[in-house]
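Every number here is computed from the coordinates shown, using simple stated rules; none is lab data. This one's a predicted model, so the numbers in the text were calculated from it and none came from an experiment. Positions of Cβ are backbone-derived with ideal geometry, glycine not excepted, and every protein chain shown enters the neighbour counts.
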Amino acid sequence: MSGLWLLGGFSVFVGALIGAAGIGGVLLVPFMVYGLGLDIHTAITGAMFGYIFAGLVGALLYARHGSIRWNLAAWLILGAMPASFLGAVTASATSSRILEIAIAMLLVFAGVNALRPSLQGNDSGRTLRPIALVAIGVVTGYGSAMTGTGGPLILVPLLVWLRIPVLTAVGLSQATQFPLAALATSANVVYGSVDFAVGVAIATGLVVGVAVGAKAAHALAPSLMKMIVAWVILGVGLFISTRIAYSFSLFLT
């Protein structure tokens with residue numbers, strides 16, 4: 001029971017990062033696996049369940065501020081929904097070690113990309129072709145469901161790299177997260193299992209945190225929030241990579 005309270009409290013912190021900068025959900029699975037000793041599949045399915053509610057609240061809050069470009073979000077969701085279902089099915093049959101490596105790679109990728117200087121210029125009206133948005137949605141849906149990281153981890157760095165403004169990118173990630181997580185969770189229920197006690201603890205914390213983070217995102221400089229999140233994620237990614245490398249060296253000896 002104490003572990004669930006700890007998980008709920010940590011989820012508030014993660015939710016604040018998701019609400020403020022989009023990137024942050026990736027910290028949940030490492031915390032549950034390395035901090036609480038949960039099985040990685042239990043951690044992934046519980047996290048995806050929590051993202052359903054975090055995505056719903058985040059989308060409502062960002063929509064209230066007019067920060068979601070729904071014409072772009074619709075195409076992203078079209079690609080992400082079926083891909084997230086397939087990704088969850090794949091994850092249920094993938095070994096824990098492979099999933100750990102995938103998570104570490106995503107962490108380092110997201111951290112490095114978020115630390116890169118943003119391109120200058122007026123990109124407030126920048127858009128992408130529908131086929132490109134669907135493709136991005138497919139990559140986001142499959143990758144996030146495979147690793148339990150949530151759609152924003154993959155989507156936000158990709159959109160920022162394509163010169164979509166940070167606040168717009170975060171808003172799109174909030175709109176995409178709810179349907180993505182819902183489809184992934186349905187696949188987990190059918191083809192795997194979901195620890196709903198873990199999922200509810202995560203969902204409760206995430207909802208509180210996302211509300212706080214979304215308010216901060218519209219009040220503070222997005223570049224500052226992105227920098228803080230980037231360093232946290234990069235640090236965790238390097239920690240997991242080091243742990244995997246150490247385990248591999250022990251195996252070789």
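What is the Cα centroid distance between segment 27-58 and segment 189-207, reported in whole angstrom?
So the separation of the two Cα centres works out to 7 Å.
Based on the alpha-carbon gyration tensor of the chain and its eigenvalue square roots a ≥ b ≥ c, which shape applies: rounded if a/c is under 1.5, prolate if not and a/b is larger than b/c, or oblate? Don't skip to the answer; put the middle values down first.
Values: a/c = 1.44, a/b = 1.36, b/c = 1.06.
It is rounded, given that a/c, with a ≥ b ≥ c, falls under 1.5.
Give, rounded to the nearest 20 debye, the magnitude of the charge dipole that the chain has about its Cα centre when Lys and Arg contribute +1 at Cβ and Asp and Glu contribute -1 at Cβ. Numbers along the way, then the final one.
On the way: 10 positive and 4 negative charges, 123 e Å.
That gives a dipole near 580 debye.
What does the charge count around VAL57 come to, taking other residues whose C-beta lies under 15 Å from its C-beta (Lys +1, Arg +1, Asp -1, Glu -1)?
Every neighbour counted, the sum reads +2.
From Cα pairs below 8 angstrom and at least 6 apart in sequence, can you work out the relative contact order of segment 130-253, rounded to a whole percent? Numbers along the way, then the final one.
Working: 43 pairs, mean separation 19.4, N = 124.
Taking the mean separation of contacting Cα pairs over the length of segment 130-253, I get 16 percent.
Take the chain, connect every pair of alpha-carbon atoms lying under 10 Å apart with a spring to form a Gaussian network, then pick out the residue of VAL112, VAL26, VAL208 with the largest mean-square fluctuation.
VAL112
Please list, in chain and number order, the residues 5+ apart from ASP195 or on another chain whose amide H is under 5 Å from its amide H, with Hs placed from the backbone.
Close amide H contacts, sequence-distant or interchain: GLY46.
Determine, for VAL190, VAL156, VAL198, the number of other Cβ atoms within 10 Å of each Cβ, and report the residues in order from fewest to most. Present the calculation step by step, with values, prior to reporting the outcome.
Working: VAL190 11, VAL156 27, VAL198 23.
By the 10 Å Cβ count, ascending: VAL190, VAL198, VAL156.
If I build a Gaussian network model for the chain, linking alpha-carbon pairs within less than 10 angstrom, which residue out of LEU61, LEU78, LEU36 has the largest mean-square fluctuation?
Checking each option, the largest mean-square fluctuation is seen for LEU36.
Looking at the chain, do any whole DSSP H helices span at least 27 angstrom along their long axis by alpha carbon and average 0.5 or above on Kyte-Doolittle, and which? List each step's numbers first, then the result.
On the way: long enough: 2-21 (29 Å, 1.73); 40-64 (35 Å, 1.29); 70-92 (33 Å, 1.28); 96-115 (29 Å, 1.81); 166-191 (36 Å, 1.08); 196-217 (30 Å, 1.94); 222-252 (44 Å, 1.56).
Helices meeting the span and hydropathy rule in the chain are 2-21, 40-64, 70-92, 96-115, 166-191, 196-217, 222-252.
Among MET32, MET48, MET227, determine the one that fluctuates most according to a GNM of the chain built with springs between C-alpha atoms less than 10 Å apart.
MET227
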